[in-house]
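Enquirer: Here's a structure for you.
FYI, it's all coordinate maths here, none of it is from the lab. Computed from a predicted structure; not experimentally measured. Here the Cβ positions follow ideal geometry from the backbone for every residue, glycine too, while neighbour counts run over all protein chains shown.
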Amino acid sequence: MKKNLLSILLGFAIFAGSILAQQSSVEAASTPKGNLAETNKKIVESFWNGIFNQHDVSFIHTYVGTVYIQHSPSFKDGKDAFQSAISAYLIQFPYSSAEIKRIVSDKDYVFIHNNVKLNPNDPGQAAVDIFRVKDGKIIEHWDVLQDIPEKAENNNTMF
């Protein structure tokens, strides 16, 4: 009888322990760290719209880290170099825009599929920009650009 009671108590303790462990995992996933991908997505979206649609380069100081690695061949590394280049771009193309069509995040990485236009009449380019975010700051960037043709070989849009 004592063996059976001990076995039952041991089984119950293991069962209760597994429930508590699962509850801790659920709580950890719902904390701000658990929402890292969503937080990073909001950071990049605010950064993107602030710079390319509101034409406000102060978003660079707000959202870009002190170390900024640039993989785009059009830009030099560094926050200051990026701000300088973007400022010149916005002066040259005051009616430019970059509409986000899709935005996806995976932990530290945020992917934007967007339509970059130099002016409202420009068909623009289809672009994919990839950002790496660390500690709430954008620290790395890649991009791929493709001109939008006047006529496509299919009836599908690029977006």
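Enquirer: How big, in percent, is the set of alpha carbon pairs in the range 36-147 lying more than 17 Å apart? Walk me through the intermediate numbers first.
Expert: On the way: 3198 of 6216 pairs.
The share of Cα pairs beyond 17 Å in the range 36-147 comes to 51 percent.
Enquirer: Separation between the residue 67 and residue 145 pseudo-spin-labels, each 7 Å from Cα along Cα→Cβ, expressed in nm?
Expert: Computed distance between label sites residue 67 and residue 145 equals 2.8 nm.
Enquirer: Over 24 Å between Cα atoms: which of 107/137; 41/101; 76/137; 76/101; 79/107; 101/137 fall into that group? Please list the in-between numbers first.
Expert: Details: 107/137 13 Å; 41/101 14 Å; 76/137 18 Å; 76/101 26 Å; 79/107 22 Å; 101/137 22 Å.
Check vs 24 Å cut-off fails for 76/101.
Enquirer: Working out 0.36 nm times the residue gap between residue 108 and residue 46, then minus their Cα-Cα distance, what length gain in nm do you get to one decimal?
Expert: Extending this stretch completely gives an extra 20.7 nm.
Enquirer: Ordered by residue, what ³J(HN,Hα) values in Hz, to whole numbers, does the range 147-152 give under the Karplus form 6.51 cos²θ - 1.76 cosθ + 1.60, where θ = phi - 60° and Gly and Pro are x?
Expert: Once rounded to whole Hz, the list reads 4, 8, x, 5, 9, 9.
Enquirer: Give the value in nm², to one decimal: projected area of the alpha carbon convex hull of the range 50-112, averaged over all directions.
Expert: So the Cα hull casts an average projection of 4.8 nm².
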